[in-house]
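Here the structure is laid out as structure tokens; the discussion comes afterwards.
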Amino acid sequence: MPVKTKLKTKSVVKPKLKTSVNTKLNIGKKHKKGKNEWQLQEAKAMLSEVVKASQKEHQFITIHGHKTAVIISYDEYEEMTTPEQSIVDFFQNSPFFGVELELPKRGELSKREVNL
């Protein structure tokens, strides 16, 4: 005759959260007008609002109260990264344009000793 044994299991008690995630992140509440700083978790939850706000002014993302990232509009990004003139124009307008440099030919440079 087989022996029956009872297995004891521990019950897991989940702690109750004092505030819901939505309350903590202020989801559903309108972001203060003119505010351009967002906590990371708030920015993730409300990304479309952050992007829309970036069309008017820079939006700063913070982690533990420190500014760590900036969201800017694409137009502003283009303005910042588009050069004012081509590299050819830059060198042609340089005050050193036409100056002849006397550079030693390859192999004519003095070699230095390296101690290993």
(request) Please enumerate the residues belonging to the stretch 63-116 that are of a type outside the set (A, V, I, L, M), in a helix (DSSP H, G or I) and farther than 30 Å from residue 36 by Cβ. (result) 89, 90, 91, 92
(request) Give the stretch 38-62 a look and list any residue that's polar (S, T, N, Q), touching a residue at least 12 places away in the same chain (Cβ under 8 Å) and part of a helix (DSSP H, G or I), or say none. (result) 41, 54
(message) Which residue is nearest to the chain's Cα centre (by Cα), if the candidates are limited to the stretch 72-99 and must be within 23 Å of residue 43 (Cβ to Cβ) and hydrophobic (A, V, I, L, M, F, W, C)?
(response) 72
(request) Might you check whether a residue that is modelled with pLDDT under 85 and surrounded by 10 or more Cβ atoms within 10 Å (Cβ to Cβ) occurs anywhere in the stretch 7-22? (result) yes
(message) For the stretch 23-63, give me each residue that is modelled with pLDDT of 95 or more and over 29 Å from residue 75 (Cα atoms).
(response) none
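The values are calculated or read from the model by the stated rules, or taken from the named source; none is laboratory data. None of these values were measured; they are calculated from a predicted model. Virtual Cβ from ideal backbone geometry, glycine too; neighbours counted across all protein chains shown.
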